[in-house]
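See structure below.
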Amino acid sequence: MKSPLLDTEASLLNLTEHFDSLHPEIRPGCRLLDNFPDHVSFYPCDCSNGRTRKLQFDALDRLCHEASSDPSTLVVATDASMIPPRNMQAVSVAHFWRLGEQVLSSKVPAGRATALDVELFVIRLGVVKATSFDVKRIIIITDSLTAARRAVDASVHSGQAHSLAIVQALRGWFTNHPDRSIHFWDCPSKAQWSLHFLAHEDATSTKIAARRHPATSLDALRSKSAAACLDAWRTSFARPSSQGRYRWKHVDTFLPTAAGLPIFP
């Protein structure tokens, strides 16, 4: 017997993630943001508002100009690419800038994962490496502030291992150093803003074939399972024998979300 639900159960054998629901970093009062709330900040960009968007990039320009003459500041531009073909892996890229020059570049395949998983992974690359520099301020430029917020949340979720690595690196970096801070800036790729666009071009121009058993995230399996279920439902409802027995003819018309997209199981 074959069905999307049975295939979902079988696909769990491909999951390469491990989760820890009892890790000390998850305990209330012991979380990174509980202990160092003033050391972490986020700067969202409202792309729907042209004026706000311009202010965001003007601020980024000023920030990077100041950093170009400040040895205590490290700027990290991160981005990732999702390659549609089945035989290709996602790619994560981080560029490190200090005193106006690129001092390091990190490029790593991210296996099979969702866009959010890959963005979280590349933030891990950037943060963990950045904390090894002798600096007081780290600026992370990303096109996924959702991933940035997840980066400092060690609770159980897809990519938890990345979040745990990030919060542990930051905890060690912050401890006994009240003058240290990290700042996450939102920078959409379509804006093609200088340093971030260089990382974006690097990521999208790189093609890495998937090995036989690539790293596979929980959300990647969940997304694949949801798509398979939706395809099966569409096929079932399209059969002449099914029409008339059900009130709705098309799956998409009775499983909408607020955004107009089908609800995933």
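The values are calculated or read from the model by the stated rules, or taken from the named source; none is laboratory data. It should be emphasised that the depicted structure is a prediction, and the values quoted were computed from it without experimental measurement. Cβ coordinates were reconstructed from backbone atoms using ideal geometry, including for glycine residues, and neighbour counts include every protein chain displayed.
List the pairs whose first member sits in the range 166-188 and is assigned to a helix (DSSP H, G or I), whose second member is hydroxyl-bearing (Ser, Thr, Tyr), and whose Cβ atoms are under 6 Å apart, counting only residues at least 6 apart or on separate chains?
If the second residue must be hydroxyl-bearing (Ser, Thr, Tyr), the pairs left are 169/131; 173/131.
Can you pull out the residues in the range 69-101 that are in contact with a Leu (Cβ under 8 Å, 6 or more places away or on another chain), polar (S, T, N, Q) and within 15 Å of residue 140 (Cα to Cα)?
If the condition is that a residue be in contact with a Leu (Cβ under 8 Å, 6 or more places away or on another chain), polar (S, T, N, Q) and within 15 Å of residue 140 (Cα to Cα), then 78, 92 are the ones that fit.
What single numbered condition from (1) modelled with pLDDT of 95 or more; (2) assigned to a helix (DSSP H, G or I); (3) surrounded by 11 or more Cβ atoms within 10 Å (Cβ to Cβ) fails to hold for residue 12?
Failed condition: (1).
Residue by residue through the range 90-144, note down the ones that are within 12 Å of the chain's Cα centre (by Cα) and among the polar types (S, T, N, Q).
92, 114, 142, 144
Would you pick out the residues in the range 123-136 that are crowded, with 18+ Cβ neighbours inside 10 Å and either among the charged types (D, E, K, R) or at pLDDT below 95 (or both)?
Answer for the range 123-136, where residues must be crowded, with 18+ Cβ neighbours inside 10 Å and either among the charged types (D, E, K, R) or at pLDDT below 95 (or both): just 124.
Does the range 44-102 hold any residues that are under 18 Å from residue 190 (Cβ atoms) and in contact with a helix residue (DSSP H, G or I) (Cβ under 7 Å, 6 or more places away or on another chain), and which are they? Can you show your working first?
Residues of the range 44-102 that are under 18 Å from residue 190 (Cβ atoms), as a first pass: 44-58, 60-61, 77-82, 93.
Within the range 44-102, 44, 45, 46, 47, 57, 77, 78, 79, 80, 81, 82, 93 meet the criteria.
Taking the conditions exactly as written (buried (at least 17 other Cβ atoms within 10 Å of the Cβ) and not polar (S, T, N, Q)), does residue 167 satisfy them or not? Let's see the steps before the verdict.
Working: buried (at least 17 other Cβ atoms within 10 Å of the Cβ): yes; not polar (S, T, N, Q): yes.
Here the answer is yes, as residue 167 does meet what is asked.
How do the pairs read when you match residues in the range 34-47 that are closer than 24 Å to residue 171 by Cβ with residues anywhere that are in a loop (DSSP other than H, G, I, E, B) and not aromatic (Phe, Trp, Tyr), using Cβ under 7 Å and keeping only pairs 6 or more apart or on different chains?
39/180; 40/152
Among what's in the range 147-184 and is over 18 Å from the mean Cα position of the chain (by Cα) and basic (Lys, Arg), pick the residue that is nearest to residue 39 (Cα to Cα).
Checking each candidate, the answer is 180.
Regarding residue 162, is this residue crowded, with 23+ Cβ neighbours inside 10 Å and either touching a residue at least 40 places away in the same chain (Cβ under 8 Å) or out of contact with any Cys (no Cβ under 7 Å at 6 or more places or on another chain) (or both)?
Numbers: crowded, with 23+ Cβ neighbours inside 10 Å: yes; either touching a residue at least 40 places away in the same chain (Cβ under 8 Å) or out of contact with any Cys (no Cβ under 7 Å at 6 or more places or on another chain) (or both): yes.
Considered against the rule, which asks whether it is crowded, with 23+ Cβ neighbours inside 10 Å and either touching a residue at least 40 places away in the same chain (Cβ under 8 Å) or out of contact with any Cys (no Cβ under 7 Å at 6 or more places or on another chain) (or both), residue 162 comes out as yes.
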